[in-house]
1. As an exercise: evaluate residue 363 against (1) surrounded by 18 or more Cβ atoms within 10 Å (Cβ to Cβ); (2) touching a Pro at 6+ places or on another chain (Cβ under 8 Å); (3) of a type in the set (D, E, K, R) and give the number of the one condition it does not meet.
2. Which pairs have Cβ atoms under 6 Å, sit 6 or more apart or on different chains, and link a residue in the range 134-149 that is under 21 Å from residue 322 (Cα atoms) to one that is buried (at least 16 other Cβ atoms within 10 Å of the Cβ) and among the aliphatic types (A, V, I, L, M)?
3. Could you list, in sequence order, the residues of the range 48-67 that are within 15 Å of residue 15 (Cα to Cα) and not hydrophobic (A, V, I, L, M, F, W, C)?
4. Of the numbered conditions (1) within 23 Å of residue 204 (Cα to Cα); (2) crowded, with 21+ Cβ neighbours inside 10 Å; (3) among the hydroxyl-bearing types (Ser, Thr, Tyr), residue 281 fails exactly one; give the number of that condition.
5. Take the range 328-343 and flag every residue that is more than 21 Å from the chain's Cα centre (by Cα) and touching a residue at least 24 places away in the same chain (Cβ under 8 Å).
6. Residue check, residue 126 against (1) out of contact with any helix residue (DSSP H, G or I) (no Cβ under 9 Å at 6 or more places or on another chain); (2) not assigned by TED's automatic domain parsing to the domain that holds residue 335, all met but one. Which one?
7. Is it the case, given these coordinates, that residue 181 is touching a strand residue (DSSP E or B) at 6+ places or on another chain (Cβ under 9 Å) and surrounded by fewer than 23 Cβ atoms within 10 Å (Cβ to Cβ)?
8. Check every one of the strands (runs of 3 or more DSSP E) wholly within the range 370-477 and list those with 2 or more residues that are surrounded by 21 or more Cβ atoms within 10 Å (Cβ to Cβ) and small (Gly, Ala, Ser).
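The values are calculated or read from the model by the stated rules, or taken from the named source; none is laboratory data. Since the structure is predicted, the reported quantities are computational estimates derived from the model, not experimental observations. Heads up, the Cβs are rebuilt from the backbone with ideal geometry, glycines too, and the neighbour counts pull from every protein chain shown.
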Amino acid sequence: MDLHIVIDPAQPRGEQVLRQLRGLIRSGRLATGAQLPPTRLLAEQLGLARQTVAEAYERLVLEQLIEARRGRGSFVRALPVAEAEAPPAVMPRFASAERIAAFQALPLPFLRIADSPLARFDFVGGSPEPALFPHEDWRRHLHAAQRQLGQGSAHAPPAGLTALREAIAEHVAFARGVRCSAADVIVTQGAQQAFDLLVRVLVAPGDTAAIESPGYPPVIAQLQAQGARTVRVPVDDDGLVTDALPAGARLVYTTPAHQFPLGVPMSAARRHALLAWAARTGTVVIEDDYDSEFRFEGAPRDSLQGLDTEGRVAFVGSFSKTLAPSLRLGYVIAPPALRQALLHAKHLADVHGPSLLQSALARFMAEGAYRRHLRRCVAEYAKRRERLMAGFCGPLRPWFKLLHAEAGFHQAALLKPGLGIDAPQLAALARRVDVGLYPLQGLGAERDGLLMGFGRVAPDGIDEALGRIAGLLEAAT
């Protein structure tokens, strides 16, 4: 934390500390929940008496800007809504005002979800169970990577460390039938960066892009930010309706293994039809394979990339669902014709990704720890899936139809018509009983229902939460 104390005889040093801390909090540079340094440490850093800093902290407590927690320290409190959201007195006018406004207006429902606290029983989608993270194995490989840090080149390749690309290529060939070598792998900072690179390389303002409807909101927003004309293609029980694909599209984005958010898999006939359409039109297909490694029934379906014989599919994967979102590690298996352009875009975006984490993950995968971790996750999520299905086929059956999904750790549940309550109303009621629900309508769906992620709710918690939902519905219908 930067605190610059000006030695001004007319201004007491304690007032200067107080004023600067207050400004850091109100400007947001010190975020809600941030811990302030201990008074002794900050006093030593600033060359002041400890009492001077302690008095400044006491004033901030009285102003309700920080709170003192016994035995833990001092933490920034949330600002009152009126103060936190108050705009500057004078808003500058920029020549790029329209462009700025366009970004401000982008629909980003996941950003709102991320800013909201989780309920005790929270069915948020795409969020793995933190307790399943392999801390001991990861710590060991991270320490080994750290010891090796600095022995190599000053800059990693834009595509990522060779060892990690080799490990990813071997894994996706084994687990998903993807045809590739390490040369085809570009390591990215999460799947989100992979989508960003593909969109920037493939789409110019005014170009047409086809997306699933309902679909994954961040990709839709990325296309809109690029100035693309997005055409929403409906999804039915067989996945993307290929007969509705638009002419002239530069790309089509799809989630064939576990459609987001409905969860249905794309049928074999639709997969072949999509690839044939892409061959006729010269379109690139972005295959988002975000959580298909969690498979609970049937043999794994072929990836689109594995079926593709013409190099038109870009296969995107992520470690955010299988390990932890905070690692920000993903990848794209790039078609040969796109590889060089994507590497140039990657270099311009961030030069290269975090070498330390890439090295640790490469070791983790090469040792076989990643596959062991996946087996453990599948076993745990299978228990949660069974509880979820039992609840919707039992106590919640009068109100819901649970859509079939073979893989992934969320399912969609559709509300039956004529109940007198919709999913957004139910979600609002559920918050009062500490249950987090997420309406499909908030993800662009026209159907009335819920996305039920079971990554963050233990099996017994699922039973209790679904019982609370049933009680709300009995009282409301």
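1. (2)
2. Short answer, once both residue conditions are applied: 137/369; 141/360; 142/360; 145/360.
3. The first filter runs over the range 48-67 and keeps only residues within 15 Å of residue 15 (Cα to Cα), leaving 48-63.
Selection gives 50, 51, 52, 55, 57, 58, 59, 63.
4. Result: residue 281 fails condition (2) only.
5. 334, 335, 336, 337, 338, 339, 341, 342, 343
6. With respect to (1) out of contact with any helix residue (DSSP H, G or I) (no Cβ under 9 Å at 6 or more places or on another chain); (2) not assigned by TED's automatic domain parsing to the domain that holds residue 335, residue 126 is out only on (1).
7. Working: touching a strand residue (DSSP E or B) at 6+ places or on another chain (Cβ under 9 Å): no; surrounded by fewer than 23 Cβ atoms within 10 Å (Cβ to Cβ): yes.
Judged against the criteria, residue 181 is not a match.
8. Numbers: elements: 400-402, 410-415, 449-453.
So the answer is 410-415, 449-453.
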